[in-house]
1. Of (1) part of a strand (DSSP E or B); (2) touching a residue at least 40 places away in the same chain (Cβ under 8 Å), ASN85 satisfies all except one. Which?
2. In segment 32-65, which residue that is part of a helix (DSSP H, G or I) and more than 30 Å from THR87 (Cα to Cα) is modelled with the highest pLDDT?
3. Within segment 100-134, which residues are in a strand (DSSP E or B) and within 17 Å of ALA71 (Cα to Cα)?
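The values are calculated or read from the model by the stated rules, or taken from the named source; none is laboratory data. Since the model is a prediction, treat every value here as computed from it, not as a measurement. Ideal geometry is used to build each Cβ from the backbone, glycine not excepted, and the neighbour counts take in all protein chains shown.
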Amino acid sequence: MRSAARALLATFVIILLCFVGLSYWNGTIWQRLPRAVQEKPVGTTGALIDRTLDRTRETLDDARLSSKIKAKMMLDDTVKARNINVTTHDSVVTLTGVVASVGEHDRAMQLARETVGVREVVDRIGVQPEIHAR
């Protein structure tokens, strides 16, 4: 009689554990928890993803502008593109480097200013005629 009661109790415990385990894995046990425990913080993950996507778009737009300006300089006969570095941040283009003439400087600035999407051009180009005299 005792062994039958133990077997019945063991069977009941096993069935109970299986029920709880299946409920846990199916997610039904979580539906019975209070709402405060179930809810995750709203908006934190979505806001983080949105900010990351916005920064990625801005970075790609800035890179596109820099590449476009550099390509214009490479195709131009007046400007020696290898002597000018083009960087962009928030649609503000910065030109740095050293050129051989005022005309080359002015043309590089003009090419940057004419590019669609450029908000401002920062001039950090130096003019040294002897740099190309060699």
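1. Here ASN85 meets the rest and fails (2).
2. Narrowing segment 32-65 to residues part of a helix (DSSP H, G or I): 35-38, 44-65.
From what's left, more than 30 Å from THR87 (Cα to Cα): 35-38, 44-46.
Working: ARG35: 53, ALA36: 50, VAL37: 45, GLN38: 44, THR44: 59, THR45: 67, GLY46: 70.
Only one residue fits best here, namely GLY46.
3. Going residue by residue through segment 100-134, those that are in a strand (DSSP E or B) are 120-127.
VAL121 - this is the single residue of segment 100-134 that is in a strand (DSSP E or B) and within 17 Å of ALA71 (Cα to Cα).
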